[in-house]
Amino acid sequence: MRGITFADPLFLWLLVLVPGIIAFYILRQQKTSPALSMPGLQPFAKTGTTFRNYLRHLFFILRSIAITFFIIVLARPQKTDQLQNISTEGIDIILTLDISGSMLARDFKPDRLEASKNVATEFISGRPYDRIGLVVFSGESFTQCPLTTDHAVLINLMRELQSGMIEDGTAIGNGLATSINRIKDSEAVSKVIILLTDGVNNRGDIAPATSADIAKTFGIRVYTIGVGTQGMAPYPVQTPYGIQYQNMPVEIDENILREIASKTGGKYFRATDNEKLVQVYAEIDKLEKSKIDVRQFTRKEEKFLIPAIIAIIALALEMILRITVYRNIT
């Protein structure tokens, strides 16, 4: 009985009397003995007890059912529905993710790309009222998912991302420009891009600083994240024996990432491991919170009719049996 409450729940304590009444009835039946013995009934001793005699207990059963359900009626069962009217000050967010080959470096667990996907997925799940989209880039850039409130679809598309889907390289300017193009016409109160990369801009025909100026023009705030440990990291390298990991210097153009964030009113973060990456997204989540006004309405519907009908039917059956089948039994 999901959603059922009682207006006067104290009456339910009367239900503890029912087991006592049942126990008293059973004990009384066991101790019952004839008040007067008549001689000469030995010929009837083997006749046994008829089914009609067993059914005499039906009176007590019906009356117990009636008492139980009348107590429930007194407690006034109600079905409670809670409705919420939610108004939000919308935030549109584009996640811009680097999927270049260097994102397979294993200074994160299991690697930078998978760690970034996992943390971004948690970020998406924690913002049910925002429209969120996904842009990916390496040597080129494209929109993996436009702005949407269908976060299940977005998360599935996020999980499908793999390095090597497009030409390798790091075109930060192009990735940012594609994201701007996807969000610039949004009517949301706040427009945000979260750009994550682990390298230096070395491809594309748009400079990152130029893309930052465009974002500023459209009132788009850009948060940048540099992903990679300090010093050396194990990068995947193609060898005659297949992919092997070699320690190589971590190079992130932090200056340009800071410039992008500064120009657009955002903030730059450096994530050096999985835990730091989680903290970065948590901080961005706090900085960009939707303003949510929730008004809750409670609607209650009386549900005493069914138990009342059951109780009345039980009493009616008892009365019918007394004046028909058992009219001669006292």
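A few points about this structure:
- Low-density loop positions, GluC sites (Glu not before Pro), segment 117-164 - DSSP coil, at most 11 other Cβ in 10 Å: GLU160
- Rg then Dmax, both in Å and based on the Cα atoms of segment 91-289: 15.6, 54.
- Inter-probe distance in nm under a simple model that places probes 7 Å from Cα toward Cβ, at TRP13 and GLU160: 6.2
- Inter-probe distance in nm under a simple model that places probes 7 Å from Cα toward Cβ, at HIS57 and THR149: 6.0
- ARG76 versus GLU251: modelled label distance in nm, points set 7 Å from Cα along the beta carbon direction: 7.7
- Amide hydrogen neighbours beyond the local backbone of ASP107, cut-off 5 Å, H modeled: ARG112
- A DSSP coil position with no more than 16 other Cβ atoms inside 10 Å describes the following chymotrypsin sites (Phe, Trp or Tyr not before Pro) in segment 113-150: TYR129.
- If R0 is 41 Å, the Cβ-Cβ spacing of GLN30 and ILE306 corresponds to a FRET efficiency of close to 0.70.
- Modelled FRET efficiency - R0 30 Å, LYS109 with GLU259, Cβ distances, 0.05 increments: 0.50
- Charge dipole (debye, nearest 20) of segment 91-289; +1 at Cβ of Lys and Arg, -1 at Cβ of Asp and Glu: 400
- Shown in residue order for segment 215-231 are the 3J(HN,Hα) couplings computed by the Karplus curve 6.51 cos²θ - 1.76 cosθ + 1.60 at θ = phi - 60°: 4, 4, 4, 8, x, 9, 8, 10, 9, 10, 10, x, 10, x, 6, 7, x Hz (x for Gly and Pro).
The numbers here are math on the coordinates, done by the rules we state, and not lab data. Bear in mind that the values here come from a model prediction, so they are computed numbers and not experimental data. A quick note on method: Cβ atoms are made from the backbone with ideal geometry, for glycine too, and the neighbour counts reach across all protein chains shown.
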